[in-house]
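> Have a look at this one before I ask anything.
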Amino acid sequence: MSNEQQHKPGVNENSLMVRNLKLEGDVRDNQQMIVEEIEQLLGVDAVAIDASENLLKVAYDATKRQLDEIEEIVRKYECDIADDWWTHIKEGYYKFVDQNVKDNANHEAWSCHKRPSGK
């Protein structure tokens, strides 16, 4: 038996981000539609909304998904990310880390000690 946690296809555990953001708007009325649409995105491992706390919980591969894409879906259903200072700080930090993970995944390592090609 393996100790490795199973993830959905397209999700790399090394670039898995777990995010919790407070929502505002018609969360109770639209939570099922929001969750269903986010779940369909390639690279999303898990998503849930705690309607009693207006909290979006999502886990995704940052090399395939960015928080902005998830926020667009939330806004599509008359909800939004809460407009308080703590949520803004977390959101900014999440986006910074996501971009860093994505950039590093696409970065080709360089070394002056590489052998020249063709030799």
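> Please turn the phi angles of region 26-40 into ³J(HN,Hα) values with the Karplus equation 6.51 cos²θ - 1.76 cosθ + 1.60 (θ = phi - 60°), one per residue in order, whole Hz, x for glycine and proline.
7, 5, 4, 6, 10, 4, 5, 5, 5, 4, 4, 6, 5, 4, 6
> Residue separation times 0.36 nm, minus the C-alpha to C-alpha distance between residue 83 and residue 53: what's the value?
9.3 nm
> Taking the Cβ-Cβ separation of residue 75 and residue 39 as r and a Förster radius of 25 Å, what is the calculated FRET efficiency to the nearest 0.05?
The computed FRET efficiency comes out at 0.90.
> Same structure, new question: With N residues in region 13-105, what two-decimal value do you get for its Cα radius of gyration over 2.2 N^0.38 Å?
1.01
> In addition: Restricting attention to region 1-97, which GluC sites (Glu not before Pro) occupy a DSSP loop and are surrounded by at most 15 other Cβ atoms within 10 Å?
4, 53, 78
Rule-based calculations on the coordinates, nothing more; no lab input. In this text the structure is predicted, and so the values were computed from the model without any measurement. Every residue, glycine as well, gets a Cβ built from its backbone with ideal geometry; the counts of neighbours run over all protein chains shown.
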